[in-house]
Amino acid sequence: MLFKYNLDAPKQNFYNITSQIRESVAKSGITSGIAVVYCLHTTAGITINENADPDVVRDLLFALDKTYPDHPEFRHAEGNSAAHLKASTIGSSVTVIIENSKPLLGTWQGIYFCEFDPPRKRTFYVKVM
Ligand code: ZN
């Protein structure tokens with residue numbers, strides 16, 4: 001089954017979407033399988049990281065900004081090449097194992113939609129099989 005979600009992303013941030021993935025798996029009725037979380041954007045990404053200490057995602061954003069600063073040498077006319085670089089580094093999907101009707105996630109793992117070119121209205125999909 002395919003589930004579509006809209007996300008309002010007013011600022012560069014890691015938006016926790018774990019509850020939407022749990023909801024998709026529950027609605028699907030799948031007891032053992034996989035869920036693919038995927039976004040259709042080129043300046044946003046999907047990742048799994050720590051959900052306990054908010055400083056972790058803050059530090060990830062800090063490091064991505066340091067790694068990919070804006071350069072006057074960039075040619076992309078839209079002016080958001082740094083956001084494209086961050087999106088390719090993070091990737092556009094994650095796959096999660098489903099067991100006992102739940103996504104198999106570690107205690108400290110959360111699933112995040114990563115916005116790099118705000119403000120945007122975004123969409124992501126969860127395919128449960
Ligand atoms: Zn662009």
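For the reader, a short list of remarks on this structure follows.
- The condition of being of a type in the set (Val, Ile, Thr) and more than 14 Å from the chain's Cα centre (by Cα) holds for only one of Ile48, Ile90, Ile97, that being Ile97.
- Sub-6 Å Cβ pairs linking a first residue in the range 35-61 that is of a type in the set (Phe, Trp, Tyr) to a second residue that is open to solvent by 50 Å² or more (accessible area, probe 1.4 Å), at least 6 apart or interchain, are Tyr38/Ser93; Tyr38/Tyr125, ordered by first then second residue.
- Near pairs, Cβ below 9 angstrom, 6+ apart or cross-chain, from the range 63-84 (at positive phi) to any residue that is not hydroxyl-bearing (Ser, Thr, Tyr): Gly79/Asp70
- Hits in the range 33-63 - residues which are in contact with a helix residue (DSSP H, G or I) (Cβ under 7 Å, 6 or more places away or on another chain), within 16 Å of the ligand (Cβ to nearest atom) and within 24 Å of Gly106 (Cα to Cα): Ala44, Gly45
- Top-ranked residue of the range 52-94 - restricted to ones that are in contact with a strand residue (DSSP E or B) (Cβ under 9 Å, 6 or more places away or on another chain), modelled with pLDDT of 95 or more and open to solvent by 50 Å² or more (accessible area, probe 1.4 Å), ranked as nearest to Tyr125 (Cα to Cα): Ser93
- Qualifying residue in the range 101-112 (condition: at pLDDT 95 or above, farther than 23 Å from Phe3 by Cβ, open to solvent by 10 Å² or more (accessible area, probe 1.4 Å) and away from the ligand (no atom under 12 Å from the Cβ)): yes
The values are calculated or read from the model by the stated rules, or taken from the named source; none is laboratory data. Just so you know, these numbers come straight off a predicted model, no measurement behind them. Note that each Cβ is placed from the backbone with ideal geometry, even for glycine, and that neighbours are counted across all protein chains shown. Just the protein is used for accessible areas: all its heavy atoms, side chains included, with ligands, DNA and RNA removed. Shrake-Rupley method; radii C 1.70, N 1.55, O 1.52, S 1.80 Å.
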